[in-house]
Amino acid sequence: MPRPGASALPGGKLEYAVLVALWEAGPLLAPAIHERVGVPLDLAYTTTTKVLDRLHAKSLVRRQPSGKTFRYTAATERPTTERARLRKLLDHALGSEPRPAIATLVDAVTSIDPALLDELARVVAARQRSRRES
């Protein structure tokens with residue numbers, strides 16, 4: 001599966017919602033995607049198909065003809081896309097002076113669930129061990 005880079009990420013909430021529907025349900029026809037994503041958001045069917053066209057152009061979905069419509073499947077794995085989205089978000093959030101943002105992130109993680117800070121420490125320690133062994 002292609003690895004999404006900066007230009008191959010869902011462009012917004014709607015594109016992401018369509019990908020989530022495909023990851024959760026597997027291959028779907030365009031009308032079924034519209035029922036899952038477009039109808040709850042009160043979107044026109046053509047809006048849903050335009051989103052599908054954009055995702056196809058980005059190689060984030062594959063499509064096969066099925067009657068008068070297409071059957072769509074996600075062309076990327078969810079964890080790969082999630083990591084790329086988070087990396088882009090962090091690059092933007094951390095900016096050129098990452099230390100204050102990292103401290104704020106640690107505070108936020110602690111306020112969400114103090115045990116997550118312990119998990120973060122374990123991940124950091126494992127990454128440091130891995131670097132030393134390389």
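No lab work stands behind these numbers, since they all come straight from the coordinates. Just so it is clear, the structure is predicted and the values come from calculations on it, not from any experiment. Note that we place each Cβ from the backbone using ideal geometry, even for glycine, and neighbour counts take in every protein chain shown.
Things worth noting here:
- Here the calculated FRET efficiency for residue 86 and residue 133, from their Cβ-Cβ distance with R0 = 35 Å, stands at 0.85, rounded to the nearest 0.05.
- Taking packing as the residue-averaged number of other Cβ atoms within 10 angstrom, the listed peptides 61-68, 18-25 run from highest to lowest as 18-25, 61-68.
- Multiplying the residue separation of residue 97 and residue 124 by 0.36 nm and removing their Cα-Cα distance gives an extension gain of 7.7 nm.
- In degrees, nearest ten, helix 98-112 long axis to first principal axis of the chain (Cα): 80 degrees
- Fewest-first sequence of 112, 102, 33 by Cβ atoms within 10 Å of each Cβ: 112, 102, 33
- Overall, segment 13-77 carries a charge dipole of about 240 debye about its Cα centre when +1 sits on the Cβ of Lys and Arg and -1 on the Cβ of Asp and Glu, all other atoms neutral.
- For 118, 42, order by how many other beta-carbon atoms lie within 10 Å, fewest first: 42, 118
- Calculated FRET efficiency for the pair residue 71/residue 39, C-beta based, R₀ 22 Å, to 0.05: 0.70
- Take every pair of alpha-carbon atoms less than 8 Å apart whose residues are at least six positions apart; their mean separation over the length of segment 1-100 yields a relative contact order of 36 percent.
- Candidate lysines for bridging to residue 58, where Cα separation is under 21 Å - those fewer than 8 sequence places away on the same chain excluded: 13, 50, 88
- Helical mean residue ellipticity (222 nm; -39500 (n - 2.57) per DSSP H run of 4+; nearest 500) of the chain: -19500 deg cm²/dmol
- Couplings for segment 61-74, taken from phi via the Karplus curve 6.51 cos²θ - 1.76 cosθ + 1.60 with θ = phi - 60°, read 10, 10, 9, 10, x, 8, x, 8, 9, 10, 9, 10, 9, 5 Hz in order; Gly and Pro are left as x.
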